[in-house]
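Coordinate-derived values only; no laboratory data. Since the structure is predicted, the reported quantities are computational estimates derived from the model, not experimental observations. When we count neighbours, we look across all protein chains shown, and the Cβ atoms used for this are built from the backbone with ideal geometry, even at glycine.
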Amino acid sequence: MTKKLFTIGALAVLLICLKIYLYSEMHFLFYPYIDTKFSKGFLWENFNKIAPGAEKEKVLSLLNEPLEKFKANEFECWFYSTDGKLWPYADFSYYRVEVCFRGDKVEFTQINEFNN
């Protein structure tokens, strides 16, 4: 009886730890983009072809439409990824892939990891 209770208790602790890990927004070492949703047709190979000075039409031809567009001051940033690919099953860190323009030309690109 004691051994059975110990086994049940250990299993409960293990399941609680697993749930905390799955919803922790932690970096997933084996596949870092596991919880990142990318825009339709997004390819890293094409993202890497974008350089400062490229025009919006070139970005659209390489990456298609972004998931979201954001304007602030003289910049307009296009987001090609977001969080939530695994939701509601798990919640790991995600990467935001951005292309930012000043006017009609690329000013910079960036990739940021968001986690807790």
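Could you list the residues of region 28-63 with an amide nitrogen less than 14 Å from a label point located 7 Å from the Cα of Phe79 in the Cα-to-C-beta direction?
Once the point is set 7 Å along Cα→Cβ of Phe79, 36-39 turn out to lie under 14 Å by backbone N, inside region 28-63.
Between Asp104 and Lys3, what length in nm is gained on full extension when 0.36 nm per residue of separation is reduced by their alpha carbon distance?
Residue separation times 0.36 nm, minus the Cα-Cα distance, leaves 29.4 nm.
For Tyr94, list long-range residues whose amide hydrogen, built 1.01 Å from N in the peptide plane, is under 5 Å from its own amide hydrogen.
For Tyr94, the qualifying residues are Phe114.
Can you list the HN-Hα couplings for region 82-94, worked out from phi with the Karplus curve (6.51, -1.76, 1.60; θ = phi - 60°), rounded to whole Hz and with x for Gly and Pro?
7, 8, x, 4, 9, 5, x, 7, 7, 9, 9, 4, 9
Give the calculated FRET efficiency between Tyr31 and Glu68 to the nearest 0.05, with a Förster radius of 35 Å applied to their Cβ-Cβ distance.
E between Tyr31 and Glu68, to the nearest 0.05, is 0.90.
Give me, ordered by chain and number, the residues 5 or more places off Glu68 or on other chains with an amide H under 5 Å from its own placed amide H.
Correct list: Phe79.
Quick one: Karplus J couplings for region 101-107, per residue in order, coefficients 6.51, -1.76, 1.60, θ = phi - 60°, nearest Hz, x for Gly and Pro?
Going residue by residue, I get 10, 10, x, 9, 10, 5, 8 Hz, with x marking Gly and Pro.
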